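The values are calculated or read from the model by the stated rules, or taken from the named source; none is laboratory data. Since the structure is predicted, the reported quantities are computational estimates derived from the model, not experimental observations. Every residue, glycine as well, gets a Cβ built from its backbone with ideal geometry; the counts of neighbours run over all protein chains shown. SASA here: full protein model, heavy atoms, side chains in, ligands and nucleic acids out. Shrake-Rupley method; radii C 1.70, N 1.55, O 1.52, S 1.80 Å.
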Amino acid sequence: LSAVDDTSFESTLNLTITHGITTTDPRYAILGTSEISVTVTDNDPLIQPIPLPVTHGGPWSPLPTGFLGTGIGTYTASLAGDTATGSARFDDTNEQIIIAFNSSPAQLSYALRGNPSGSSATEGTFLIQQSADGETFATIRTVSNKNNTVETYSDSLEPTTRYVAFLYQTKTSGNIQLDALTITAATLSPWQTWLNQYQLTGNATASLADNDHDSIPLLLEFILGGLPDQPDSNIAP
């Protein structure tokens, strides 16, 4: 058995393969079968990532490379002095924009405005989120019941973040307007840049780690130009 290698992103699947015996031989018919647990991990990105820095103020339809939108509309007006065409419009619950990038970020900045419907503010909850893998997102800011005043925001992003999401989590009434989006790039040391190049995170970044089991510590591989993801024969342990 094998998974279909397509070009569409699909979430990680945890599956169980079961077996059955069909035979007329009673000696085989009484044999038990086993189950095998498997995990299928997609090798396609949720979105094709783009380099940092990212600056976008429109147009919002169609969205540029690196952006993925669900149910997003547009306003003709721009926010916060942005000179590009229009702004993004979030009309309903679960509408969102996700941006993917391929290196460590520093700051996320953007402008929001509520467009109330018969009240003093848009009634609902709007989330700004970040993710390292495009599957598990953590909320970094919650904006509730946004009024019609244009406000600019700035949020620090984790170095491991590779996705940012704007999600209209719950709509009661009114819409949310987004514009003047910027994601700056982090200034990294040569060591951190090298770790990112090989997608090393967590315990795998310890200076004495030996991820490829060649008896050469990670820091020494970095200094001598080794490869942390495969055994090096040209560096004496």
(request) For the chain, with a Gaussian network of springs between Cα atoms less than 10 Å apart, report the residue from ASN102, ASN203, ASN211 with the top mean-square fluctuation. (result) ASN203
(request) Determine the per residue accessible area of the range 168-220 with all protein chains present and a 1.4 angstrom probe, expressed in square angstrom. (result) 51
(message) Could you work out the relative contact order of the chain? I mean the mean sequence separation of Cα pairs under 8 Å and 6+ apart, divided by the number of residues, in percent.
(response) 18
(request) Mind putting a number on the dipole of the chain about its Cα centre? Charges go on the C-beta only, +1 for Lys and Arg and -1 for Asp and Glu, and I need it in Debye to the nearest 20. (result) 840
(request) Check each of the GluC sites (Glu not before Pro) in the range 116-174 and keep only those in coil by DSSP with at most 13 other C-beta atoms within 10 angstrom; list them in order. (result) GLU135
(request) First compute the accessible area of the chain with a 1.4 Å probe, then give the percent of it belonging to carbon and sulfur atoms. (result) 50
(request) Quote the FRET efficiency, to the nearest 0.05, computed for ALA106 versus ASP212 with a Förster distance R0 of 30 Å and r equal to the Cβ-Cβ distance. (result) 0.50
(message) Once you order the gyration tensor axes a ≥ b ≥ c over the Cα atoms, which shape class does the chain get: rounded for a/c under 1.5, otherwise prolate or oblate by comparing a/b with b/c?
(response) oblate
(request) In whole angstrom, note down how far apart the Cα centers of the range 163-190 and the range 10-87 are. (result) 19
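Probe of 1.4 angstrom, ligands and nucleic acids ignored: what's the accessible area per residue over the range 6-137, in square angstrom? Display every interim value, and only then the final one.
Details: 7320 Å² over 132 residues.
Ligands and nucleic acids excluded, the figure is 55 Å² per residue.
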(message) Given a 10 angstrom Cα cut-off, can you work out which residue in ARG162, ARG89, ARG141 is the most mobile in a GNM of the chain?
(response) ARG141
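Add -39500 (n - 2.57) for each DSSP H run of 4 or more in the chain, then divide by its residues: what number comes out at 222 nm, to the nearest 500 deg cm²/dmol?
That calculation yields -2000 deg cm²/dmol at 222 nm.
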(message) Once you keep just the Cα pairs under 8 angstrom separated by 6 or more residues, what percentage relative contact order results for the range 73-146?
(response) 20
